[in-house]
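S.K.: Just dropping this structure here.
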Protein chains: 2
Amino acid sequence: MTEPQQAAWLDAIAFGPDGLVPAIAQQHDTGEVLMLAWMNRAAVAETIASGRACYWSRSRSRLWRKGETSGQVQRLVELRLDCDGDALLLRVDQQGVACHTGRRSCFFRAARDGDWPTIAEPLIDPKQLYRE
Amino acid sequence: MTEPQQAAWLDAIAFGPDGLVPAIAQQHDTGEVLMLAWMNRAAVAETIASGRACYWSRSRSRLWRKGETSGQVQRLVELRLDCDGDALLLRVDQQGVACHTGRRSCFFRAARDGDWPTIAEPLIDPKQLYRE
């Protein structure tokens, strides 16, 4: 698409005052919710251009090409926008694990009787992911 | 649970500077991502107490008991917390439709060649939901 086309297309997204929108990553075939991250305009543009999920890291204040360190990339299958335009859903094909703890999904704690027990174990040692 | 137990349990959630965390609602059996909303401490407490999703409406600045006007309630099946504690996943049983447009999911627009075509039609007339 041309630059003006892309600009108009990105304008449909209602980025917040901080320039970010929440982005849900979901495994496209199983439906598993893998993680929630944040995207700015540049992250959305790069994700579409590269076909791989790119987020905005709020802790590092820079673009975060998912898997750049760990190798656990997310191939984009489909990008969806919600009714208000202020949330994104990325249907992805997750290579390996989404969570930095080595678990498939970041949502591995469940509310149970006033506690948050862990309901999923790591599939990969995080040391292997990040060569600490 | 006792009040101190509940306070400690809620303390595990890293609410943002505005007192909110993003909350994903997912249909528990099909895996469909229905919507993204926001919760404050009171919304989480009420959701657990009532067994029905209660959010914080940023536009109305008040608790939003999902379905209070439309009847389209979300029964809570499981509440999950992510690795950083700053995002929630509600596995729910959605009565009817999640979206105020009458669609099952709020994520009904998909990125296609520089456009956001609608990929799902309303199942219910919004006029019926809100008796406009």
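The values are calculated or read from the model by the stated rules, or taken from the named source; none is laboratory data. What you are looking at is a predicted structure, and each value in this text was computed from that prediction instead of being measured. No Cβ is skipped: glycine too gets one built from the backbone with ideal geometry, and neighbour counts run over all protein chains shown. The area values use the complete protein model at the heavy-atom level, side chains included, leaving out ligands, DNA and RNA. Shrake-Rupley method; radii C 1.70, N 1.55, O 1.52, S 1.80 Å.
S.K.: When both residues are 6+ apart or on different chains and their Cβ atoms are under 6 Å apart, which pairs have a first residue that lies in the stretch B:1-15 and is at the interface with another protein chain (Cβ under 10 Å from one of its Cβ atoms), and a second that is in a loop (DSSP other than H, G, I, E, B) and surrounded by 13 or more Cβ atoms within 10 Å (Cβ to Cβ)?
M.R.: Taking only residues 6 or more apart or on different chains, the pairs are B:MET1/A:GLY114; B:GLN5/A:GLY114; B:TRP9/A:GLY114; B:ALA12/A:TRP116; B:ALA12/B:GLY85; B:ILE13/B:GLY85.
S.K.: Does the stretch B:49-67 include one or more residues that are assigned to a helix (DSSP H, G or I) and either out of contact with any Ser or Thr (no Cβ under 7 Å at 6 or more places or on another chain) or open to solvent by 50 Å² or more (accessible area, probe 1.4 Å) (or both)?
M.R.: Scanning the stretch B:49-67, I find at least one residue that is assigned to a helix (DSSP H, G or I) and either out of contact with any Ser or Thr (no Cβ under 7 Å at 6 or more places or on another chain) or open to solvent by 50 Å² or more (accessible area, probe 1.4 Å) (or both), so the answer is yes.
S.K.: For B:ASP125, state whether it is within 11 Å of another protein chain (Cβ to nearest Cβ), open to solvent by 50 Å² or more (accessible area, probe 1.4 Å), without any contact (Cβ under 8 Å) to a residue 60 or more places away in the chain and farther than 18 Å from B:TRP38 by Cβ.
M.R.: No; evaluated as a whole, the condition is false for this residue.
S.K.: Still on this model: So how many residues does the stretch A:71-91 have that are open to solvent by 20 Å² or more (accessible area, probe 1.4 Å), touching a residue at least 40 places away in the same chain (Cβ under 8 Å) and part of a loop (DSSP other than H, G, I, E, B)?
M.R.: Number of matching residues: 4.
S.K.: Could you pull out the residue among A:ALA98, A:ALA120 that is small (Gly, Ala, Ser), on the phi < 0 side of the Ramachandran plot, over 13 Å from the mean Cα position of the chain (by Cα) and more than 9 Å from chain B (Cβ to nearest Cβ)?
M.R.: A:ALA120
S.K.: Going residue by residue through the stretch A:14-33, is there one that turns out to be open to solvent by 30 Å² or more (accessible area, probe 1.4 Å) and touching a Lys or Arg at 6+ places or on another chain (Cβ under 6 Å)?
M.R.: For the stretch A:14-33, residues open to solvent by 30 Å² or more (accessible area, probe 1.4 Å) and touching a Lys or Arg at 6+ places or on another chain (Cβ under 6 Å): present.
S.K.: Exactly one condition in (1) in contact (Cβ under 8 Å) with a residue 40 or more places away in the chain; (2) at the interface with chain A (Cβ under 10 Å from one of its Cβ atoms); (3) of a type in the set (A, V, I, L, M); (4) more than 19 Å from B:GLY96 (Cα to Cα) is not met by B:ILE24; state its number.
M.R.: (4)
S.K.: Take the conditions closer than 26 Å to A:MET39 by Cβ and in a loop (DSSP other than H, G, I, E, B) and apply them to B:GLY19. Does it pass?
M.R.: Here the answer is yes, as B:GLY19 does meet what is asked.
S.K.: OK, next. Hey, any hits in the stretch B:49-61 for a residue that's in contact with a helix residue (DSSP H, G or I) (Cβ under 7 Å, 6 or more places away or on another chain), at the interface with chain A (Cβ under 10 Å from one of its Cβ atoms) and closer than 30 Å to A:LEU10 by Cβ?
M.R.: no
S.K.: A follow-up question, please. Of the residues B:ASP82, B:ASP113, which single one is at pLDDT below 95 and more than 14 Å from the chain's Cα centre (by Cα)?
M.R.: B:ASP113
S.K.: Keeping to the stretch B:64-95, report how many residues are away from every other protein chain (no Cβ under 12 Å) and of a type in the set (Gly, Ala, Ser).
M.R.: The number of residues fulfilling the criteria is 3.
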